[in-house]
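The values are calculated or read from the model by the stated rules, or taken from the named source; none is laboratory data. Just so you know, these numbers come straight off a predicted model, no measurement behind them. Please note: Cβ atoms are built from the backbone with ideal geometry, for glycine as well, and neighbour counts cover all protein chains shown. SASA here: full protein model, heavy atoms, side chains in, ligands and nucleic acids out. Shrake-Rupley method; radii C 1.70, N 1.55, O 1.52, S 1.80 Å.
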Amino acid sequence: MELESVMVTGANRGIGLEFVRQLVNLPKPPRFVFATYRDRNTVEALKDIRESTKETQVLLIKMDVRKPEMIESARKIVEDMVGDRGLNLLINNSGVLIWQGFPEVTAEDMLFHFTTNTVGPVMVFKEMLPLLQKSAARQTSGMSVSRAAVLNISSEGGSLGKLVEDTPKRLLSIISYRTSKTALNMAMRVAALTIKDQGILVVNICPGWVKTDMGTDEGALEVSESVGAMMNTLSQVNESHHGAFLNRNGETIPF
């Protein structure tokens, strides 16, 4: 897997931060990693990575995926750096999870999740599409992360096929999160099929239940283990996985 430029949203903590860390430690790391964050007070770990890496230019970009003007501003920064070579890989990682079940759930809670977990990633993809197209145009056939790709961090919790009658009630208490991830899977499947002739690979991957602020200490996986598995899967995905919903090891999850 050879990458020249990568954009990671929600890169200041958890899975996003670990992606940045593992990307810059690749045997042949990217030339550019664009790491977005919302809160300026949470970027110390990103700054440490930026200062310690010599082969990769890590650029920190303040961006809220719910704000179109900030997405546009981020695109301009990326475009100024990559030029006509375009953007290799977009990792749509930003997301939120609030524990609220039915019937306690509110309209505000559902809209907050949908705006952040579904609309946000789609709008980021839309804004970065011209840059991904430039990267894809540098090769003439096949699909791979080394050509141009979008990785959407999804969740098995958004799978209708995996939601069974004996699902623990605690895991039903995230109705807004589950609904937003189901919608994300559909939106990105539609986008993938729409642009299937443009050489841009689109995949949705569930990282597993990871020990992060969102996943809590109850998570089954360390963040390094989850991201390491996803990095390995990214190195192997091709046109046969376009529009697919996979787990971290590359196995198909039912929509």
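Before moving on, here are some points about what is shown:
- Residues in region 167-181 that are in a helix (DSSP H, G or I) and open to solvent by less than 40 Å² (accessible area, probe 1.4 Å): Ser176, Tyr177, Arg178, Ser180, Lys181.
- Among residues of region 160-189 that are under 25 Å from Gly243 (Cβ atoms), those with a Cβ under 9 angstrom from a residue that is among the basic types (Lys, Arg) and open to solvent by less than 40 Å² (accessible area, probe 1.4 Å), sequence gap 6+ or separate chain, pair up as Leu163/Arg178.
- Candidates are the residues of region 61-120 that are among the polar types (S, T, N, Q) and in a loop (DSSP other than H, G, I, E, B); the one that is farthest from Glu4 (Cα to Cα) is Thr106.
- Residues in region 25-45 that are closer than 18 Å to Gly95 by Cα and surrounded by 12 or more Cβ atoms within 10 Å (Cβ to Cβ): Phe34, Ala35, Thr36, Tyr37, Arg38, Thr42, Val43.
- Set Leu246, Leu193, Leu201, Leu184: member being of a type in the set (A, V, I, L, M, F, W, C) and either over 24 Å from Val6 (Cα atoms) or open to solvent by 50 Å² or more (accessible area, probe 1.4 Å) (or both): Leu193
- Subset of region 126-144 [open to solvent by 10 Å² or more (accessible area, probe 1.4 Å), hydrophobic (A, V, I, L, M, F, W, C) and assigned to a helix (DSSP H, G or I)]: Leu129
- Subset of region 149-192 [farther than 16 Å from Thr115 by Cα and within 14 Å of the chain's Cα centre (by Cα)]: Ala149, Val150, Leu151, Ser155
- Any hit, region 216-228, residues being closer than 24 Å to Leu87 by Cβ, of a type in the set (A, V, I, L, M) and either in a strand (DSSP E or B) or in contact (Cβ under 8 Å) with a residue 24 or more places away in the chain (or both): yes
- Restricting attention to region 105-120, the residues that are out of contact with any helix residue (DSSP H, G or I) (no Cβ under 6 Å at 6 or more places or on another chain) and not aliphatic (A, V, I, L, M) add up to 6.
- When restricted to residues that are farther than 19 Å from Phe19 by Cα, open to solvent by 10 Å² or more (accessible area, probe 1.4 Å) and either within 16 Å of the chain's Cα centre (by Cα) or hydroxyl-bearing (Ser, Thr, Tyr) (or both), region 54-74 contains 2.
- Of the numbered criteria (1) in contact (Cβ under 8 Å) with a residue 24 or more places away in the chain; (2) over 14 Å from the mean Cα position of the chain (by Cα), the one Asn41 fails is (1).
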